[in-house]
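The values are calculated or read from the model by the stated rules, or taken from the named source; none is laboratory data. Being a predicted model, the structure only gives us computed values, none of them experimental. All Cβ positions, even for glycine, are placed from backbone atoms using ideal geometry, and neighbour counts span all protein chains on display. SASA here: full protein model, heavy atoms, side chains in, ligands and nucleic acids out. Shrake-Rupley method; radii C 1.70, N 1.55, O 1.52, S 1.80 Å.
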Amino acid sequence: DGGITQSPKYLFRKEGQNVTLSCEQNLNHDAMYWYRQDPGQGLRLIYYSQIVNDFQKGDIAEGYSVSREKKESFPLTVTSAQKNPTAFYLCASSKGGLAGGNEQFFGPGTRLTVL
Amino acid sequence: AQSVTQLGSHVSVSEGALVLLRCNYSSSVPPYLFWYVQYPNQGLQLLLKYTTGATLVKGINGFEAEFKKSETSFHLTKPSAHMSDAAEYFCAVSEANYGQNFVFGPGTRLSVLP
């Protein structure tokens, strides 16, 4: 079955450590996205990538980094510079292009807790 | 710039009652509109979407929504609530000149009372 996988489902980090969240899709989608979800605030866009080897900052990119070396993979690194990283992180993908109208497909999420 | 508002962060209905979740959007060009559902500790699942054509859109699980351009609204309805409908619901908008990027509303948590 096609879909998006995220790992791990739960992640604990000590302050000052970098951690990397995995996101893989086998939907052959060009575009991929990372969102952060906090209670009562909906989803906020961290980074997005419309094509391999290219990505753009979203609304809250500070303290995060990404890479897009393969079409199916879009890992997110939460660096020690992120002041409040405890949150639920969601990865999504969609067909590419600028025409719009394509829905985003979401992974199951990773819950990151900083100890 | 696009924006989405959802009236009511928490809505409670009785089982069998009408479900109405409100969504209003702001867009400088004709929008594409989406409703997603999220169950606890899970990702989002698409309920339905409006791109072009018929303004009344039917989705999964008996939900439907109507695009009203004059009211800039895309409210989600279901005639009869089921206990399994209890979840968080998100409205989202994207624009033709903004690629596939979405702007999500803050969400509405639906509780279904027995």
ask   = Can you name the strands (runs of 3 or more DSSP E) wholly within region A:56-106 that have at least 2 residues being of a type in the set (A, V, I, L, M)?
value = A:76-78, A:87-94
ask   = Is there any pair linking a residue in region A:58-72 that is within 13 Å of A:Ser22 (Cα to Cα) to one that is part of a strand (DSSP E or B) and open to solvent by 60 Å² or more (accessible area, probe 1.4 Å), with Cβ under 6 Å and at least six apart or on different chains, and which?
value = A:Val66/A:Phe55; A:Arg68/A:Phe55; A:Glu72/A:Glu24
ask   = Just to be sure, is B:Phe104 open to solvent by less than 10 Å² (accessible area, probe 1.4 Å) and either in contact with a Leu (Cβ under 7 Å, 6 or more places away or on another chain) or more than 14 Å from B:Leu44 (Cβ to Cβ) (or both)?
value = no
message = Filter region B:1-22 down to the residues that are open to solvent by 50 Å² or more (accessible area, probe 1.4 Å) and either basic (Lys, Arg) or touching a Gly at 6+ places or on another chain (Cβ under 8 Å) (or both) and list them by number.
response = B:Thr5, B:Ser9, B:Arg22
query = What is the residue count in region B:28-37 for residues that are within 11 Å of another protein chain (Cβ to nearest Cβ) and open to solvent by 20 Å² or more (accessible area, probe 1.4 Å)?
reply = 3
request  = Report yes if B:Val93 is touching a Pro at 6+ places or on another chain (Cβ under 7 Å) and within 14 Å of chain A (Cβ to nearest Cβ), otherwise no.
outcome  = yes
request  = Answer yes if at least one residue in region A:57-72 is facing chain B (nearest Cβ under 10 Å) and open to solvent by less than 80 Å² (accessible area, probe 1.4 Å), and no otherwise.
outcome  = yes
message = List pairs: first residue in region B:14-29 and within 20 Å of B:Phe90 (Cα to Cα), second residue hydrophobic (A, V, I, L, M, F, W, C) and open to solvent by 60 Å² or more (accessible area, probe 1.4 Å) anywhere in the structure, Cβ distance under 6 angstrom, at least six positions apart or on different chains.
response = B:Arg22/B:Leu7
message = Out of B:Leu7, B:Leu21, B:Leu56, I need the residue that is closer than 30 Å to A:Thr5 by Cβ and either aliphatic (A, V, I, L, M) or facing another protein chain (nearest Cβ under 10 Å) (or both). Which one?
response = B:Leu21
query = Has region A:86-103 got any residue that is over 25 Å from B:Pro30 (Cβ atoms), among the hydroxyl-bearing types (Ser, Thr, Tyr), open to solvent by 20 Å² or more (accessible area, probe 1.4 Å) and touching a Gly at 6+ places or on another chain (Cβ under 6 Å)?
reply = no
Number of the condition not met by A:Ser80 [criteria: (1) without any contact (Cβ under 8 Å) to a residue 40 or more places away in the chain; (2) more than 9 Å from chain B (Cβ to nearest Cβ); (3) small (Gly, Ala, Ser)] = (1)
ask   = Restricting attention to region A:1-52, which residues are surrounded by 13 or more Cβ atoms within 10 Å (Cβ to Cβ), within 11 Å of chain B (Cβ to nearest Cβ) and farther than 13 Å from A:Ser93 by Cα?
value = A:Gln37, A:Gly42, A:Leu43, A:Arg44
